[in-house]
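The values are calculated or read from the model by the stated rules, or taken from the named source; none is laboratory data. Since this is a predicted model, take the numbers as computed values, not measurements. Note that we place each Cβ from the backbone using ideal geometry, even for glycine, and neighbour counts take in every protein chain shown. Keep in mind that these areas ignore ligands, DNA and RNA; they rest on the heavy atoms of the full protein, side chains included. Shrake-Rupley method; radii C 1.70, N 1.55, O 1.52, S 1.80 Å.
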Amino acid sequence: MLLTDIDNFKKYNDTLGHLEGDKLLKDVVGLFKDNIRERIDVVGRYGGDEFIIILSRIKLDKAKDMGERILSMLSKKEIKIISLSMGIYEYNGESDIDELLKKADSLMYKAKKSGGNRLACS
């Protein structure tokens with residue numbers, strides 16, 4: 001599971017307006033969809049400016065590669081955004097959905113505290 005947050009989105013939205021904020025959200029979703037495996041992985045809005053990407057049948061190192069590719073592509077696109085923070089947590093076969101989300105969220109905030117365009121995984 002990859003949980004991601006648009007850093008400083010509230011400031012962006014408040015400064016440029018909700019129409020620009022909506023456009024940014026769509027651009028970010030497009031970036032995600034361009035970098036996941038079609039018909040295998042799923043992107044969804046988790047809330048506000050947070051998105052979840054469910055990566056099926058993938059090892060942690062490959063999920064990390066995917067996250068790094070998204071961050072790299074973000075820096076090359078002309079998306080008016082400061083940065084993304086990502087938390088990647090590998091399902092261990094024992095966690096329930098609440099625990100899985102909690103761990104991914106904790107990792108995402110660890111990445112956020114490290115600065116922009118970062119990911120943390122476990």
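Explain nothing, just compute: Karplus ³J(HN,Hα) = 6.51 cos²θ - 1.76 cosθ + 1.60, θ = phi - 60°, for every residue of region 40-49 in order, whole Hz, x for Gly and Pro.
10, 9, 10, 10, x, 7, 8, x, x, 10
Lysines near Lys33 by alpha-carbon distance under 20 Å, same-chain residues fewer than 8 away left out - which ones?
Within the straight-line cut-off, Lys33 pairs with Lys23, Lys59, Lys62, Lys64, Lys76, Lys77, Lys80.
When ligands, DNA and RNA are left out and all protein chains stay put, how many square angstrom of accessible area per residue does region 75-122 have with a 1.4 Å probe?
Per-residue accessible area for region 75-122 comes out at 64 Å².
Using only helices, what value at 222 nm comes out for the chain when you add -39,500 (n - 2.57) per DSSP H run of length 4 or more and divide by the total residues, to the nearest 500 deg cm²/dmol?
My calculation for the chain gives -16000 deg cm²/dmol from helical runs alone.
Can you compute the FRET efficiency between Glu94 and Glu38 using 1/(1 + (r/R0)^6), with r the Cβ-Cβ distance and R0 = 30 Å? Round to the nearest 0.05.
0.50
Within a Cβ distance under 9 Å of Ser85, other residues only, what is the Lys/Arg minus Asp/Glu net charge?
After counting each charged neighbour, the total is +2.
At 0.36 nm per residue, and after removing the present C-alpha to C-alpha distance, how many nm does the segment from Leu60 to Lys77 gain when stretched out fully?
So the extension gain works out to 3.5 nm.
Tell me the Rg and the Dmax, in Å, that the Cα atoms of the chain produce.
Rg, Dmax (Cα atoms, Å): 13.8, 44.
Within region 40-71, name every residue whose backbone N is under 11 Å away from a label modeled 7 Å from Cα of Ser114 along the Cβ vector.
68
When the accessible area of region 16-122 is computed with all protein chains present and a 1.4 Å probe, what percentage of it is carbon and sulfur?
The nonpolar share, carbon plus sulfur, comes to 49 percent.
Considering only DSSP beta bridges with both partners in the chain, what is the antiparallel share in %, to the nearest 5?
Close to 80 percent.
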